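Trainee: Submitted below is the structure of interest, expressed as structure tokens.
Nothing in this text is a laboratory measurement; each read-out follows from the coordinates by a stated rule. As the structure is a prediction and not an experimental result, all values here were calculated from the model. For neighbour counting, all protein chains shown are included, and Cβ atoms are generated from backbone atoms with ideal geometry for every residue, glycine included.
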Amino acid sequence: MTDAEGIWADKTDDELLEAGAELSEYTEDGERIIRAELQRRGLPAPDPPLGKCSRCGKSIGRSHSRECSQCGEPFPQEILQLLGGERSDIALELVLRTGDAALIPLAKSLLEAEGIEYLVRGENLQDPFGARRVGGYNYITGVAEFLVHPDDAERARTVLEGLPVASTKNLVSITPFFIVKDLQASIKFYRERLGFQLDFQGPEPDVYYARVSRDGIGIMLKTISAEVLPCPNHTRHAWARWDAYIHTLDPDVLFDEFRQHDVRFVKDLSFIDAGLWGFEIADADGYVLAFFNLRDQ
């Protein structure tokens, strides 16, 4: 038990419940510890966070105003709607439903260019079943829905016409799951070297798996035992070394960023294969990640 966990274990039930009502005022680790202690005592679970600050990653609670209490970043329209700051009694109309994360910013830009106000339901929101999962809550999201005022619905549908609507799609995303030697060391590598954020880890008290993500792509990490070690592809076949294959809009910029953080490159910025411009890195456990974009040679 850490010092922080010990401090909260000594709190009274009333003190814990009071802290649970103000989780957005605590750090990510503080929130995790408070939730775990409430769960251990069988006390009511706090409301799930509405999302995370896009700048610092701090959870957004219902007690927030219009901006992040930690970094001052203004909240997006969809979060303001949930906070009640932009609440309306008018029933909004659904104009787009998509499970493709790449379409969300495109749809936003199209609507904003036309001056159409919208609400995105389902983006960056708490998984409603997370509180029942082993290890607590997580931030895996599903389908995003765009809603607009009824007066703007026809115009919005015209603007968004041509976008591949995902209502017929059932599969949303896929996440690699790497067995690692030291979970905390792996989390540290992805956060400090690659700029990923920690989405969740669990279950308490013996944490053995986690999810990290950046720009909508995620990787699951799991430690098993001292006898079960990582087995990257390159240990089984030299040229079939890629463990993850990540399409990247601008590999040049990302290469410069990673180079400044002393990331170990397996292959520098170049054509890593026919028509694939990018680079390869090795993570803390030797897994090889290829970042690339399609380009004519």
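Trainee: As a test of the definition: which semi-axes, in Å, follow for segment 177-294 when you take the square root of five times each eigenvalue of its alpha carbon gyration tensor? Largest first, please.
Mentor: Computed over segment 177-294, the values are 25, 17, 11 Å.
Trainee: Now a separate question. Hey, for a label at Ala102 modelled as a point 7 Å past Cα toward Cβ, could you say which residues of segment 244-279 have their backbone N under 13 Å away?
Mentor: What the label zone holds, given the 13 Å backbone N cut-off, is 246-250.
Trainee: Given the Cα-Cα distance of Asp10 and Ala226 and 0.36 nm per residue of separation, how much length would full extension add, in nm?
Mentor: Computed gain between Asp10 and Ala226 is 74.4 nm.
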